[in-house]
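The values are calculated or read from the model by the stated rules, or taken from the named source; none is laboratory data. Note that the coordinates shown come from a computational prediction; the quantities given were computed from them, not determined experimentally. Because the Cβ atoms are built from the backbone with ideal geometry, glycine has one as well, and the counts that use them run over all protein chains shown. Note: areas computed on protein heavy atoms with side chains; ligands, DNA, RNA excluded. Shrake-Rupley method; radii C 1.70, N 1.55, O 1.52, S 1.80 Å.
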Amino acid sequence: MALYLLFESASGYALFHAYGIDEIGQSVDAVRSSVLDLKRFSKAVKLAGFTPFSSAIDALNQCNAISEGIMTDELRNFLELNLPKVKEGKKAKFSVGVMEPKVGSHITEATGIPCQSNEYVQELLRAVRLHFDQFIDQLKPSDLEKAQLGLGHSYSRAKVKFNVNRVDNMVIQAIFLLDTLDKDVNSFSMRVREWYGWHFPELVKIVNDNYLYAKLAKFVTNKSDLSEKDIPALADLIGDEDKAKEIVEAAKASMGQDLSPVDLINVQQFAQRVMNLSEYRKNLYEYLVTKMNDIAPNLTSLIGEMVGARLISHAGSLSNLSKCPASTLQILGAEKALFRALKTRGNTPKYGLIFHSSFIGRASTKNKGRMARYLANKCSIASRIDCYSDVSSSIFGEKLREQVEERLDFYDKGVAPRKNLDVMKAAIEGMTNTASEEGKENGDTSAKKSKKKKSRAEADGDAMDLDKPANTAAAEAEPETEKKRKKKKNKLEEPQDQEMAANGDEETPKKKKKKSRDASADDEPKTATEGKKKKKKSKTEADD
């Protein structure tokens, strides 16, 4: 059976006929060593057909189709033109070797051409890729490299744009950075406490907060300089006047050692760095809250920003989290404990990252497992709504949170919760109401805009009307000399016009009668015979 090799290059499709290679009795290692030599390989394989891509966009579309295992119309036409034709009702005496098995199965389903994809075919296609520029004369190696580079860049760029979960990367990076910042700020603040504690050890017991301690270390610097004048400034920093007085009194009777000015400057600079880090941590937390409300509003309103972001980062993306069943989501983050329990045949963990939620902390000890299972169920629903819904709203998350609250009351007080069907109907009604309200608001805003445009147009029209008389007045003011001349002529011609008007009044009724007769004569239809008679009469009158 003849073997054809389909090779998808960056410049086009190529079909090779492997006529000098015997597959039987050949191992993969032997084929790999034999195809490296171009002379031997060119004797066994020859080019059967090549069709270049029309443009870079066409090459990208073909590459996307091949990666998804789809045969395009261009590929089908190319195979039908270059492969030997098979008669109806008979099997093909050849097969096509492809690199991707999915493409081969789609080709056989669509056209009936037998395809194969095994290690032997893959080694031959690797050799074709290695010697591809030698088989096509007009194709230079530099051109092939440029085509491969351009197609690679455009393919990766399209994949990044096509990635639906690319926004999740911001949340994942932000939560990782928050965790590392917490560790760093804690370690640095402990270092500030230890460093400045040599100079002012009593301050550690008075101020427990790390951020406030760094602020005070920067403000105080030298404890011997503190006096009662500094109490208002200290009270502004701490927010407590009693603690400010206590700090001043402790500084007077402090047991700490004195530090040199250079050491105090270094402590002050390090305290400033710790303050900057803690402020940046606050800004990053606000950024994470806004991002989570945009990406997963229902999950955020149900379980909180931090726990929701940790679940998304642990799963890898929001779509991966939505694909997880509730049982997997429940123990997400407790994989070590799960496998250890499976190995030792002990009790499996009841919760993972969900444990940080306030609902499980509020539940009693015997109901923590139940609460974790119920909360994981609601979290999986919320993540699927966030991932696959077109409209982003937190209505479903708020309703699911109400359900969890009702479940807590049911465990503690025995109050029966609402049914899930009723809650979902209420959420859908809320969604429709909000959509209708938004539509009304958009309609009102468009009507207001149209009214504003009309009022502007009317104002412009009025301004144009006001401008017109001013322009006419200016135009009339210019030819004043000509008007004066015309007035003199008119005065001379007025008596002549009066005489002509008197004579004209007598003649006007005669003229009107003649015109009326002529109009009536024109309105009557004239036949051919009447016209001839009139002509004869006119001739006779002329003879007379």
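On a full-extension model of 0.36 nm per residue, what is the gain between His131 and Leu181, subtracting their alpha-carbon distance, rounded to one decimal in nm?
12.7 nm
About its Cα centre, what dipole magnitude does region 77-150 give when the only charges are +1 on Lys and Arg Cβ and -1 on Asp and Glu Cβ, stated in debye to the nearest 20?
Charge dipole, region 77-150, about its Cα centre: 320 debye, nearest 20.
Only four residue types carry charge here, +1 at the Cβ of Lys and Arg and -1 at the Cβ of Asp and Glu. Report the dipole size of region 228-362 about the Cα centre in Debye, rounded to the nearest 20.
So the dipole magnitude of region 228-362 works out to roughly 1380 debye.
Using a 7 Å offset from the Cα along the Cα-to-Cβ direction at both Tyr155 and Thr432, what is the distance between the two label points in nm, to one decimal?
My value for the distance between the label points is 4.8 nm.
If you stretched the chain out fully between Asn169 and Asp263, how much longer would it get, using 0.36 nm times the residue separation minus the C-alpha to C-alpha distance?
29.6 nm
Spelling out what I want: for every residue of region 211-224, take phi, set θ = phi - 60°, compute 6.51 cos²θ - 1.76 cosθ + 1.60 (Karplus), and round to whole Hz; glycine and proline get x.
Values per residue, Gly and Pro as x: 5, 5, 5, 5, 4, 5, 5, 6, 6, 6, 6, 9, 5, 5 Hz.
Suppose all protein chains stay in the model; what accessible area per residue would a 1.4 Å probe give for region 214-269, in Å²?
60
Mind giving me the FRET efficiency for Glu194 and Glu80? R0 is 51 Å, r the Cβ-Cβ distance, nearest 0.05 is fine.
0.05
Using a Cα distance threshold of under 15 Å, what count of lysine pairs results for region 173-294 when pairs must be 8 or more residues apart or interchain?
12
Can you send over the carbon and sulfur percentage of the accessible area for region 109-158, probe radius 1.4 Å, protein chains only?
Within region 109-158, the accessible surface is 48 percent carbon and sulfur.
How much of the pair distance distribution for region 18-133 lies past 21 Å, counting alpha-carbon pairs only, in percent?
45
Find, among the trypsin sites (Lys or Arg not before Pro) in region 361-425, those assigned to loop by DSSP (not H, G, I, E, B) with at most 14 other beta-carbon atoms within 10 angstrom.
Counting only loop positions with at most 14 other Cβ atoms within 10 Å, the trypsin sites (Lys or Arg not before Pro) in region 361-425 are Lys366, Arg418, Lys419.
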